[in-house]
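Each remark here refers to the structure printed beneath this line.
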Amino acid sequence: MKKVVLNYLVIAAIAVSAAFVSSCGSSLKSTVGNFLYPENLLVGVWEGSYMANMGETGITLTVYKEGANFKATCDFYSLPGKTNAQTGKYLMNVSYDEAKKTYLLKAYEWVVHPSGYVYSDLEGTISGNVFSGTLSSGRNLTFRVVKK
């Protein structure tokens, strides 16, 4: 009789454990995925602005996974009520620098190239739903975008 009760307790414990893992499985998988691939935290659409020679300029970063790689598109434009910037778009590779704890978005190809513009790499950190940092073009240029 003791053996039968013990078997029922073991089966019940296994069932409860399985239900718990099943109920939080996607959350657990997401946490593990972000630990192994911190770039996952960047996936999505980010909108905001950056400071450039021509003044504050609008920016939208769209980060996505393509196969085993993380990529982004960078759209830039004049903010509402301003006419200081042309519209452009370029492609970027996304990586995470474990030593510096920063994300690097490295530009590699124009989609829409306005005359006289050069693209910039972005390097920054995430705090909550804000990704911010600096542009590679130097001169202490900064960006700040919010996840949508």
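Each residue of region 86-102 was assigned a 3J(HN,Hα) from its phi angle through the Karplus curve 6.51 cos²θ - 1.76 cosθ + 1.60 (θ = phi - 60°); the sequence is 7, 8, x, 7, 9, 9, 9, 9, 10, 9, 10, 9, 4, 5, 8, 6, 10 Hz, with glycine and proline shown as x.
The calculated P(r) of region 39-147, using every Cα pair and 5 Å bins from 0, goes 2, 13, 24, 28, 20, 10, 4, 1, 0 in percent.
Phi angles of region 140-148 translate, via the Karplus equation with coefficients 6.51, -1.76, 1.60 and θ = phi - 60°, into HN-Hα couplings of 6, 7, 10, 9, 8, 10, 10, 6, 9 Hz per residue; Gly and Pro are given as x. Distances between placed amide hydrogens fall under 5 Å for Phe70 paired with Val94, all partners being 5 or more residues away or on another chain.
For region 79-148 and region 44-64, what is the centre-to-centre distance using only Cα atoms, to the nearest Å? So the two Cα centres are separated by 6 Å. Residues whose amide H falls under 5 Å from that of Thr102, counting only those 5 or more places apart or on a different chain, are Asp97, with hydrogens built in the peptide plane. If the chain linking Asn53 and Ser127 were pulled fully straight, counting 0.36 nm for each residue of separation and taking away their Cα-Cα distance, it would gain 24.0 nm.
Phi angles across region 103-116 convert, under the Karplus curve 6.51 cos²θ - 1.76 cosθ + 1.60 with θ = phi - 60°, into 3J(HN,Hα) values of 9, 10, 10, 9, 5, 9, 7, 6, 9, 10, 10, x, 4, x Hz, Gly and Pro given as x.
Computed from the C-beta positions of Glu66 and Ser115, the FRET efficiency with R₀ = 35 Å rounds to 0.75.
Computed from the coordinates by the stated procedures, all read-outs in this text should not be read as laboratory data. As the structure is a prediction and not an experimental result, all values here were calculated from the model. All Cβ positions, glycine included, derive from the backbone under ideal geometry; neighbour counts span all protein chains shown.
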